[in-house]
Amino acid sequence: MQKTERYSGFGLFKHALRHHENWQRVWRNPTPKKQYDVIIVGGGGHGLATAYYLAKKHNITNVAVLEKGYLGGGNTARNTTIVRSNYLWDEAAHLFEHAMTLWEGLSQEINYNVMFSQRGVLNLGHTLQDMRDISRRVNANRLNGIDGEVLDTQQVKALVPIMDCSANTRYPVLGASWQPRAGVARHDAVAWGYARAADALGVDLVQQCEVSDILVEDGAAIGVATKQHGVIKADRIGCVVAGNSGVLAKMAGFELPIESHPLQAFVSEPIKPILDTVVMSNHVHGYISQSDKGDLVVGAGIDSYVGYGQRGSYPVIEHTVQAIIELFPIFSRVRMNRQWGGIVDTCPDACPIISQTPVENLFFNCGGEPAASKPRPVPVMYLPPRWPVGKCTSWRSPSPWTAFTVAP
Amino acid sequence: MLYIYCPHCEEHREEEEFHYGGQAHVARPKDPDACTDAEWADYLYFRKNTRGWHHELWVHAAGCRKFFNITRDTVSYEIKETYKIGEQPAISE
């Protein structure tokens, strides 16, 4: 196997002298073997991260990632790139904060610029109850060692001068929670970076290989059937297929307590730098940041109904744009360039399921998709340590299998 | 925009007049106290989450405010039929 070339400023200079004609392929395009130690279904951010850490931290390199389309082409390419860890409950806070510490060193670790920018995230409060909830959450965060502050209207105004913080709006901004270490990261780069790093450690990244069945024998998963490459066997199988988790669970013969909904986002035409942080509001329901390229990245609520169509409904667009214009009247004449929908697998408590399943040797990472761009580095830490022995207790306590099957 | 036929009003109206009520034909257990935990959880949390033809409950919230069912494709969002509560769908997945 060819050694993966290291990216650096000097390397860039060297390649410039050769007119950039000799760049190494970023990853191989292997034909899958018939047998692996671990198969990961789904080549998005989470799947590739899992493969990378399996190889890096646990020395399990006989691994294949099976992707039905192309790497990072599903919901990884369809989020709004926000990374934060200011969650209320201990379990969620620990998960996302652990991810945050990984994000902070990620570009160096995988030698790929994921454009992680800790520009801070504001979660606005528009009612007194919002502000009480914000105080509670920030206090909980600080007790968990996560940075956070409660800001009043003036402090919010100072951070984002273009936001309408006057008392004359329908839902005046009363304050916000502020997490300075939060921010954004380039979603594609995360997938590509993990893919390249995993490939360098010997992981086979198999694109255009759609899993059509999960083979189960005596209650244990033994492999997968694929449309393009026939049966591929494995000792353990991980499914990291945001948006299709329920479909794969059915193949394995069990059901998940999740439903899939479209969550849409849109970006504007590129404009000059005007917004240097991330503003989120649950109350008027919209969130916005500006990418390095200059376009405004706007996120919206999910469609209420089950959908796999990867496009959102028009009423949601209208509501989101209303919220953004209410907060930022200055953006009222910005034109939107593109709009799309990702599919979020939503758990009743909106927390991810990262767990083994009723089928032996089969693991799922799903159900946390509304927040899934944040913990991308994490699955690893929770899944693989237990993979070699075929056991994985959930990071959630109680585990999802008991949380949703045992009455409180 | 979904364009939904309300079987009570007998009119097509825009999606915004309606609210989604989840998977249809989920019967509340007759005697919840007699349920096992698994049966109760199944009723509360586990849905089919179908990719394809999906029977679902809607309410005409800004109209007649009555509930009815829709058979809708969850990929193309095509609506095949709407029918009143108590009626059976023409399509069974």
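Every number here is computed from the coordinates shown, using simple stated rules; none is lab data. Please read all numbers here as calculations on a predicted model, not as lab measurements. Backbone-built Cβ (ideal geometry, glycine too); neighbour counts: all protein chains shown.
Quick look at the numbers
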| quantity | calculated |
| --- | --- |
| Kirkwood hydrodynamic radius of region A:199-269, Cα pairs, Å | 14.4 Å |
| Whichever lysines have a C-alpha closer than 22 Å to that of residue A:157, once near sequence neighbours (fewer than 8 apart) are set aside | A:272 |
| Tilt relative to chain A, helix A:128-143 - C-alpha long axis, 0 to 90 degrees, to 10 | 50 degrees |
| In Hz, Karplus ³J(HN,Hα) per residue of region A:221-236 (6.51, -1.76, 1.60; θ = phi - 60°; x = Gly, Pro) | 6, 10, x, 10, 9, 10, 6, 9, 10, x, 7, 10, 9, 7, 6, 9 |
| nm² value of the averaged projected area, convex hull over the Cα atoms of region A:276-317 | 3.9 nm² |
| Region A:1-55 and region A:277-323: distance between their alpha carbon centers, rounded to Å | 33 Å |
| Test item: Cα-centred dipole of region B:3-84, Lys/Arg +1 and Asp/Glu -1 on Cβ, debye | 120 debye |
| Using alpha-carbon coordinates, inclination of helix A:314-327 to the longest axis of chain A, degrees | 50 degrees |
| DSSP beta bridges in chain A [antiparallel fraction, %, rounded to 5] | 70 percent |
| Shielding of A:251-264 by partner chains, average beta-carbon count, 10 Å | 3 |
| Average projection area in nm² (convex hull over Cα atoms of region B:9-52, one quarter of hull surface) | 5.1 nm² |
| The protein assembly as shown - Kirkwood radius from inverse mean 1/r over Cα pairs (Å) | 24.2 Å |
| Expected 222 nm ellipticity per residue - DSSP helices of 4 or more, -39500 (n - 2.57), all of chain A, to 500 | -8000 deg cm²/dmol |
| Normalised alpha carbon radius of gyration of region A:106-193 [divisor 2.2 N^0.38 Å] | 1.32 |
| All aspartates and glutamates inside 17 Å of residue A:33 as judged from Cα atoms, apart from same-chain residues fewer than 8 positions distant | A:67, A:199, A:204, A:210, A:235 |
| Shielding score for B:75-86, defined as the mean number of other chain Cβ atoms within 10 Å | 1 |
| Computed lengthening from residue B:30 to residue B:1, 0.36 nm per intervening residue step minus Cα-Cα distance | 6.7 nm |
| Cβ-based exposure ranking for A:355, A:245, in which fewest neighbours within 10 Å come first | A:355, A:245 |
| Nonlocal amide H pairs with residue B:26, under 5 Å, H built at 1.01 Å | none |
| Given charges at beta-carbon only (K, R positive; D, E negative), |dipole| of the protein assembly as shown in Debye | 1620 debye |
| Compactness of region A:62-210 - radius of gyration and Dmax, Cα, Å | 19.0, 61 |
| 5 angstrom amide H check on residue A:173, placed H, neighbours 5+ away | none |
| As computed over region B:3-84, the Cα convex hull volume per residue (Å³) | 97 Å³ |
| Under Karplus coefficients 6.51, -1.76 and 1.60, residue-wise ³J(HN,Hα) of region B:9-14 in Hz, glycine/proline x | 7, 6, 9, 7, 9, 6 |
| For region A:71-76, 3J(HN,Hα) per residue [Karplus equation, 6.51 cos²θ - 1.76 cosθ + 1.60, θ = phi - 60°, Hz, x = Gly/Pro] | 4, x, x, x, 5, 4 |
